[in-house]
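Report on the following structure.
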Amino acid sequence: MMHNFAGWAMTDRQRAQTEQAYVLHSYPYRETSLLLETFTQPYGRITMVARGARRPRSALRGVLLSFQPLSLGWFGKGEVRTLSRAEWHGGHPLLQGEALLCGFYLNELLLRLLPREDPHEVLFDHYRQALMALARSDASAVVLRGFEKALLSELGYAMTLDRDGDTGNSLDPAATYTYDPERGPVRILTDGSEVSAEPLLQGKVLLDIARDDYRDPLTLVQAKALMRVLINHRLDDQPLRSRRIFRELLAL
Amino acid sequence: MKSPSTLEDLISALRCLPGVGPKSAQRMAYHLLQYDRAGAERLGLAMGRALQSIRRCARCNTFTEAELCQLCSSAKRDASQLCVVEAPADQLMMEQTLAYSGLYFVLMGRLSPLDGIGPREIGLDVLQRRVSDGLVKEVIVATNFTNEGEATAHYIGEMLKARGIRVSRIARGIPVGGELEYVDSGTLAQALIERRSV
Ligand SMILES: [Zn+2]
């Protein structure tokens with residue numbers, strides 16, 4: 001008996017993997033389980049079922065929280081894996097207040113833009129850094145812009161920020177540009193033919209974004225508009241829920 | 001053979017219950033029709049009556065048959081305190097503590113941006129009107145200690161503080177009688193962050 005049991009445990013452990021991960025979102029599943037959308041360090045997004053996690057005394061209840069670094073173990077093949085263990089890693093405080101909304105926004109971006117089972121270790125690191133910065137109550141706008149830029153770049157849509165998308169010339173800090181998601185910065189001609197273009201960006205702002213320098217308030221304002229256009233483009237203009245709700249909350 | 005469309009209707013209707021998939025719905029329907037027709041009839045009647053007579057309390061938003069629920073119409077409750085909870089079950093738990101004698105507001109949900117549940121969906125505008133009755137002095141937010149519950153608490157706080165209402169949040173930490181050795185690390189870490197002077 002002992003031998004059999006040990007043998008079973010061994011093969012089960014071999015099949016199971018334990019990796020650093022975050023829970024992006026969870027949904028009730030069947031009567032007592034949770035369906036987890038996770039972002040794992042080596043494999044990217046993985047969907048897992050946490051069996052019994054909704055039972056009143058489940059030890060998983062307090063562990064499977066978003067925005068917290070976790071060690072998750074799972075086994076199985078196919079679209080939905082089975083969670084075998086979950087441990088809380090700790091290291092940074094829970095998100096509070098407005099930072100929580102920013103966290104939901106980051107998670108929605110990952111859920112909407114990151115394909116399942118696509119490894120993104122660099123992005124995982126950016127995500128971890130962004131959450132840590134939000135937990136430390138760093139300026140949230142700067143954290144969000146940095147993450148959006150990293151996300152676009154990791155998805156293969158790195159932004160051109162140092163030269164004109166049409167001519168290839170260096171950007172003139174004093175000139176006004178707009179941004180075409182496929183071409184990059186496009187200079188606004190002085191005859192005003194493209195003045196209705198969105199977004200309007202100063203050359204200096206684009207250069208600031210390239211260096212992740214957000215000290216200039218104008219850079220923060222215009223970078224937000226630029227990222228919105230680029231992200232909407234990647235989302236095929238399907239609106240983000242967290243953005244709508246953030247707007248509604250500000251109006252309270 | 002008779003057309004089974006009525007049966008199919010019943011099965012698909014049962015699937016609106018949480019956690020009930022096509023298999024369980026089929027099992028339930030067969031069970032009711034085959035073994036418990038009286039039970040099925042009772043269920044049907046009770047459902048119809050409940051739908052007709054149960055509505056939301058005009059003051060606290062919980063389920064009631066009257067315009068105001070029993071608790072809201074009680075003269076013994078302290079109208080200066082209003083406790084905000086996510087669900088009727090949470091209100092029941094608060095009542096069982098026998099430690100609270102104020103009134104309630106039941107959100108029937110919590111902010112959940114990823115599920116598209118915002119301030120309108122949980123009636124924060126209704127809460128705001130409720131709080132402006134001139135009697136409420138303090139609002140105690142007792143939403144869950146999940147990210148969603150915390151976000152809800154934060155925005156209720158912002159909304160009401162801007163209108164001069166005192167807002168407090170129930171405390172969290174080590175359970176009463178709890179031994180550190182057996183507390184999960186997340187709870188312990190947060191208890192350390194939220195420590196108080198003695
Ligand atoms: Zn009531």
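The values are calculated or read from the model by the stated rules, or taken from the named source; none is laboratory data. These figures come from a predicted structure and were not determined experimentally. Here Cβ is always computed from backbone atoms with ideal geometry, including for glycine, and neighbour counts include all displayed protein chains. With ligands, DNA and RNA removed, areas are computed over all heavy atoms of the protein, side chains included. Shrake-Rupley method; radii C 1.70, N 1.55, O 1.52, S 1.80 Å.
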Under 16 Å Cα to Cα from B:LYS161, which lysines show up? Leave out anything in the same chain fewer than 8 places away. B:LYS137
Each residue of the range A:24-38 in order: what ³J(HN,Hα) in whole Hz does its phi give by Karplus 6.51 cos²θ - 1.76 cosθ + 1.60, θ = phi - 60°, with x for Gly and Pro? 8, 6, 9, 10, x, 9, 6, 7, 10, 9, 10, 9, 10, 9, 10
Low-density loop positions, trypsin sites (Lys or Arg not before Pro), the range B:1-54 - DSSP coil, at most 11 other Cβ in 10 Å: B:LYS2
Heads up, I need the accessible area for A:CYS102: 1.4 angstrom probe, whole protein in place, Å², nearest 10. 10 Å²
Tell me which of A:VAL80, B:SER73, B:GLN26 sits at the most positive position along the dipole axis of the protein assembly as shown, charges placed on C-beta atoms (Lys, Arg +1; Asp, Glu -1). B:SER73
Once the in-chain neighbours fewer than 8 apart are removed, the lysines whose Cα is under 23 Å from B:LYS23 read B:LYS2
Cβ-Cβ FRET estimate between B:LEU51 and A:ARG112, R0 fixed at 41 Å, reported to 0.05: 0.65
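If you wrap a convex hull around the Cα atoms of the range A:39-127, how much volume per residue is inside, in Å³? Show your work: numbers first, answer last.
On the way: hull volume 10.0 nm³, N = 89.
Hull volume over Cα atoms, normalised by residue count, gives 112 Å³.
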Could you tally the net charge around A:GLY203, taking each other residue with its Cβ under 11 Å from the Cβ of A:GLY203, Lys/Arg +1 and Asp/Glu -1? -1
Pick out which of A:ALA141, A:ALA158, A:ALA174 has the largest mean-square fluctuation in a Gaussian network model of chain A, springs linking Cα atoms closer than 10 Å. A:ALA174
Accessible area of A:PHE246, 1.4 Å probe, to the nearest 10 Å²? 60 Å²
Given labels modelled 7 Å from the Cα in the Cβ direction, how far is it in nm from B:ALA75 to B:LEU43? 4.5 nm
So which residue, out of B:ALA40, B:ALA162, B:ALA79, gets the largest mean-square fluctuation from a GNM of chain B using Cα contacts under 10 Å as springs? B:ALA40
Hey, with R₀ at 41 Å, roughly what FRET efficiency would B:ARG196 and B:ASP133 work out to, going by the Cβ-Cβ distance, to 0.05? 0.80
Buried solvent-accessible surface, both chains (B, A), 1.4 Å probe, Å² to nearest 100: 2400 Å²
So what is the accessible area of the protein assembly as shown per residue, in Å², with the probe set to 1.4 Å? 56 Å²
For chain B, the longest principal axis of the Cα atoms and the Cα long axis of helix B:147-161 enclose an angle in degrees, to the nearest 10, of 50 degrees
Hey, what do the phi angles of the range A:172-178 turn into as Karplus ³J(HN,Hα) couplings, whole Hz, using 6.51/-1.76/1.60 and θ = phi - 60°, x for Gly and Pro? 8, x, 8, 7, 9, 10, 10
Debye, to nearest 20: dipole size of the protein assembly as shown, +1 on Lys, Arg Cβ, -1 on Asp, Glu Cβ: 1660 debye
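Take the solvent-accessible surface of the protein heavy atoms, probe 1.4 Å, and return the percent of it on the protein assembly as shown that carbon and sulfur atoms account for. Don't skip to the end; give the middle numbers.
On the way: 13500 of 25270 Å².
Taking all protein chains in place, the protein assembly as shown shows 53 percent carbon and sulfur surface.
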Identify the trypsin sites (Lys or Arg not before Pro) of the range B:144-195 meeting these criteria: DSSP loop state and at most 16 other C-beta atoms within 10 Å of the C-beta. B:ARG163, B:ARG172, B:ARG195
Principal semi-axes in Å for chain A [√(5λ), Cα gyration tensor, largest first]: 42, 19, 15
Students sometimes get this wrong: rank A:ASP164, B:ASP90, A:ASP125 by accessible area, probe 1.4 Å, all chains present, largest first. A:ASP125, B:ASP90, A:ASP164
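First select every other residue whose beta carbon is under 15 angstrom from the beta carbon of B:GLY134; then total the charges, Lys and Arg +1, Asp and Glu -1. Before the final figure, lay out the partial values.
Details: positive: B:ARG59, B:ARG129, B:ARG130, B:LYS137, B:ARG163, B:ARG166; negative: B:ASP78, B:ASP133, B:GLU138.
Once all neighbours under 15 Å are counted, the net charge is +3.
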When the convex hull of the Cα atoms of the range A:119-252 is projected onto a plane and the area is averaged over all directions, what value comes out in nm²? 9.6 nm²
Given H placed on each backbone N at 1.01 Å, which residues far from B:ILE117 in sequence or on other chains put an amide H within less than 5 Å of it? B:SER112
If you take every residue apart from A:THR47 with its C-beta less than 10 Å away from the C-beta of A:THR47, what net charge results, scoring Lys and Arg +1 and Asp and Glu -1? 0
Reachable aspartates and glutamates from A:LYS224, Cα under 14 Å, same-chain residues fewer than 8 places away excluded? A:GLU148, A:GLU198, A:ASP208, A:ASP212, A:ASP213, A:ASP216
Kirkwood calc, chain B, C-alpha pairs only, radius in angstrom 20.2 Å
Dimensions (Å) - the protein assembly as shown, Cα atoms, principal axes, largest first: 82, 70, 66
